[in-house]
Structures are given as C-alpha cells and as structure tokens.
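Engineer: This is the structure I want to talk about, given as structure tokens.
The values are calculated or read from the model by the stated rules, or taken from the named source; none is laboratory data. Given the structure is predicted, the values throughout are model-derived calculations rather than measurements. Here the Cβ positions follow ideal geometry from the backbone for every residue, glycine too, while neighbour counts run over all protein chains shown.
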Amino acid sequence: MALTTLITSWHFVLSVITNTLRLVMRNAKSIATAAVALLLDRKHARYGLSVTRMLLGVTVLGWTLTNFGTRQYTFGGGMAWTGQIEFPSSDFAKFPPFSWIVEAAPNGIALTSVFLVVVVLALLLIVGYRTRLTLVVLMVFWVGLLAINPTVQDQSDNLTRIAMTSLLFASPAEVWSLDARRRRRRRTGEHAGALSRTSAGQGFVPEWLSNCMHNCAVVVIGAQLCMVYASGGLYKAQGAPWYNGYAIYNAINVPQFGTWPEISALISVWGPVVAIGTIGTVLFQAAFPVMLVNSWTRRIALIVILSFHLAIAVVMGLPWFSLAMVAMDAVFITDGTYRRVAYSLKHAWREARSKKRSQSNPSRASETRSELSI
C-alpha cells in the first residue's frame, strides 16, 4: 500500500513538472519577448530609485553627524588600542583608494576633513547634483571611513554599499533632482557629442542600454532585499526564542538596544503583544518575496515592513539601520503611487497658501468672490 502511494505521488510530481515544462516551451517566445520589453522599453521604478537615493543620502548624513562629536576616539587616534589602525581587519582598508582614508585616521585634522567631505557629498546626493560622480566619490570616503573601525558597523552598512554600487549603473536622478532640472533646461540634440550631453545631464549611451542597466539595478536591489528578508525569517524560525514567541522581549530589554526602557517595559509587559510581534516578524519576513507578486499583498507587506523598521529605529535605537532598509524598500512602491502622493501634497500646499493669502488680505478675497458672483 505504501509503495503504491509512493509511486502514485511520484507520477503526479512528474506530470506536474512535465506539463509545466511544456507550457514554458510552448510560450517561450512570448515570455522572452515580454522579458526583453520589460528590460529595454522603459525605465521602471524611476521615482522609487530617486527616493532610495535621497534616503541613502539622509542615512549617510545622519550617521556622519551623529558620530562627528566622537570621531576622534571612534575613528581617530583614540581607537589605536583596538589595533585597527596598525593592523586593520577590514579588506577595504588594505587597498587604495579606501586605504588612503584609513591612513588619514590618526591625524585629527585629516579625519575631521574626511567627515566634512562626507557631509557635503551626502547633501549633494540628497539633492541629486552630478549624482553619478557624487556617488563614486562618496563611496570611496564612506567605505574608507567605515573600514577604519569595523567594530562599530552594522549590516545596513553592507546593504548601503551594495545599493550605492547598484545605483552607479542606474538613473537615480531622473526625477526629483537638480540633475533632472538641468536636463530639462539644457536639453541637447540626439547627435550632440558625449561631452555636451554629459554637461547637460544627459546620458551618452543608447537608450535601450541605459534602460537595461537601470532595470537590472532595480532587480539587484529588489533581489538583495528579498534574500535578506527571506533568509532572516527562515533563520529566525530555527531559533527557540523565535518559534516560542519571546525573542522580541530579549531584544528590547538588553542594555545595548534598550535605549527607551519605558517603551520597552510598556511593550514587554503584555505577553500577547510580544508573542504576536515575534511570530509575525518571522512569518512576514519569510513570506516577503511571495507577497510582492500581488498588489494587495505587496501593500500589506510594505506596511508591515515599514512598521517593523520604525519600531527598530525607535525602540532599539537603530535609526540609520532602519532608514537604510526603508530606502531600499522604496523601489517596491510604484511610480504611479509616488506621483499621486506628490500631486496630493502639492495640491494641499497650494490650498494652504491660498487660504493663508485670503486670510491676510480679506478685502482682496471679498473682491475676488464678488467678481466670481458677477
């Protein structure tokens, strides 16, 4: 009986695989055509990558400013006791140009200059000025700065580096940037030289290649996030604190991460909240890639993930880690959603300004109403 059941199950699996392969082969041409069109026809997630660019800039800026006051004993001569300056453990600290930043660390003036340069470059990245050049220089200074003392890093630093590398091949300044404004004002002809087009903020590679590189960068960022969330959920599911429902209690009550003891106590005093938060984290992280397939489940997944990162930022005191993750999550929100939100904000701003003007000049407002009534 068991053998018969096994044979029947095996035949069923084989039939499913065979039918699936036949379906794929029958529609291979249309699938390939759709895939090529998806990659080459137009740039996807233009607004999403612009938000990613801005939030990554804010992340770098915030991290640099919050560490500026302690720079000398976290990254300068004061951390010589760790041995990282003389015997660096980071691979980035061992080859140029990142090693140049590490070599400058013991000098207080040089280290301060590095911090100030990173601040300026982060601001340029936020506003989208000469974005690709800014990204290259910022990556050198940012990665070199982090390589000085790896003990103060977290995983968001690795993800930020991966995202910045991907943005080099994309067009993260197509909208909401100074580059986009310059491109509109100084549009050149199709047959203009590479230098003229670059000066005007336009690309000089074929449009299909630019679209392909941009869309591949979006895929890389999205795939990286899916792997991070799914693997994180699956690894958590193997740990007793997670599948028993009390891991969040441990995380928010240790001194290193319990930065708001009152909030931690308020959350952990109610057992059901801890259990739901713990098990829900595992389920949503593991299911995140699958939930992106449908628009409704994608919205739910993004709302939950954003709430998850907001809680990490506030309760565990990791704002820059959370902001870096949110920056990359931005690619999953459609351009249409960003345009609708931007239009709503612009409309609300105009309404508020119009109302303020009418209140400050009531006679003019009454004249306008009289003219309209006539």
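Engineer: Please go through the range 317-337 and pick out each residue that is polar (S, T, N, Q) and touching a Leu at 6+ places or on another chain (Cβ under 8 Å).
Structural biologist: Residues of the range 317-337 that are polar (S, T, N, Q), as a first pass: 322, 334, 337.
The answer is Ser322, and nothing else.
Engineer: While we're here: Please return the ranges of helices (runs of 4 or more DSSP H) entirely within the range 127-232 where 1 or more residues are among the charged types (D, E, K, R) and at pLDDT below 90.
Structural biologist: Values: elements: 131-148, 155-167, 178-185, 194-199.
It comes to 155-167, 178-185, 194-199.
Engineer: Could you check the range 115-143 and list, in sequence order, the residues that are surrounded by 22 or more Cβ atoms within 10 Å (Cβ to Cβ) and either touching a Lys or Arg at 6+ places or on another chain (Cβ under 9 Å) or of a type in the set (Gly, Ala, Ser) (or both)?
Structural biologist: If the condition is that a residue be surrounded by 22 or more Cβ atoms within 10 Å (Cβ to Cβ) and either touching a Lys or Arg at 6+ places or on another chain (Cβ under 9 Å) or of a type in the set (Gly, Ala, Ser) (or both), then Ala122, Leu125, Gly128, Thr131, Leu135, Trp142 are the ones that fit.
Engineer: Which residue is surrounded by the most Cβ atoms within 10 Å (Cβ to Cβ), if the candidates are limited to the range 48-102 and must be part of a loop (DSSP other than H, G, I, E, B) and in contact (Cβ under 8 Å) with a residue 40 or more places away in the chain? Give the derivation first.
Structural biologist: Step one: filter the range 48-102 for residues part of a loop (DSSP other than H, G, I, E, B), giving 69-70, 75-76, 83-90, 95-97.
Next, from what is left, pick out any that are in contact (Cβ under 8 Å) with a residue 40 or more places away in the chain: 75, 84-85, 88-90, 97.
Values: Phe75: 26, Gln84: 20, Ile85: 19, Pro88: 21, Ser89: 13, Ser90: 18, Pro97: 13.
If we take residues in the range 48-102 being part of a loop (DSSP other than H, G, I, E, B) and in contact (Cβ under 8 Å) with a residue 40 or more places away in the chain, then Phe75 is surrounded by the most Cβ atoms within 10 Å (Cβ to Cβ).
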